[in-house]
1. Just how many % of Cα pairs in the chain lie over 19 Å apart, if you round to the nearest whole percent?
2. Please compare each pair in LYS43/LYS160; LYS37/LYS122; LYS41/LYS144; LYS41/LYS122; LYS43/LYS122 to a cut-off of 21 Å on the Cα-Cα distance and tell me which ones are over it.
3. Run the numbers for SER175 and VAL26: contour at 0.36 nm per residue of separation, minus the present Cα-Cα distance, in nm.
4. Expressed as a whole number of Å, what is the distance separating the alpha-carbon centroids of segment 10-51 and segment 93-126?
5. Considering only the other residues whose Cβ falls under 9 Å of the Cβ of ASN176, what net charge follows from Lys and Arg at +1 and Asp and Glu at -1?
6. Which of ASP123, ASP89, ASP111 moves most in a GNM of the chain, Cα contacts under 10 Å?
7. In Å, what Rg and Dmax follow from the Cα atoms of segment 83-151?
8. Which order, highest average first, do 29-35, 78-84 follow once you tally other Cβ atoms within 10 Å for each residue and take the mean per peptide?
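Bear in mind these aren't lab numbers, they're just calculated from the coordinates by the rules spelled out. Because the structure is predicted, anything quoted here is derived from the model rather than measured. Note: ideal-geometry Cβ built from the backbone for every residue, glycine included; neighbour counts use all protein chains shown.
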Amino acid sequence: MVCSKCNNEKGRSMIEMLGVLAIIGVLSTAGIAGYTKAMEKFKVNEAANQISTIISNYNTLMLGNPNKNDLYNERVINQLVLPTEMLHDGHCYHALNGRCSVGHNLDPSKDEFVIRFGDLTKDMCVNLLSLPVTESALRITINKNAPGATLGSGNGNEFKGAVNISKATELCHDSNNTICWVF
């Protein structure tokens, strides 16, 4: 005798399986987006730490030796000013995977220390401009550089002091930004 109220189904239907797969897909997409955002924030924080370390190392070097001519010496900068993780094959790279340069102003008549971070996307540029170090700079220049061009070459937007997010968004280009902080 067959029980009409008994249900002897085993397993899951195709509709149930597709529903589970759809839920997993949505959760995975959200997880990947969150991870990407977290990694971007981590890299910006790492770049901020690098800038702070460079400034601190520079100030320490100048306390012991007020002769700024040493800052024209690449060996001195590489050994005493730049954090070691920034040097690769004798070249400077920041945490956002772009080129950088550190040294005295190219115009020897000016007594200025310069940090340049290049190859920045618009979002990276905006995030770095909103750092507190921006407030302590004498001036800041933002240039759009052709890939592989010398960092900071060309005419850029120059300003002084802190900048808010909307102003930073206006100043930064869509790609290939170079920020030059002058102290």
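1. In whole percent, the long-distance tail amounts to 65.
2. Correct reply: LYS43/LYS160; LYS41/LYS144.
3. Full extension from SER175 to VAL26 adds 50.6 nm.
4. 34 Å
5. So the environment of ASN176 carries a net charge of -1.
6. Among ASP123, ASP89, ASP111, the largest GNM mean-square fluctuation belongs to ASP89.
7. Cα radius of gyration and Dmax of segment 83-151 are 12.6, 34 Å respectively.
8. The packing order, highest mean first, is 78-84, 29-35.
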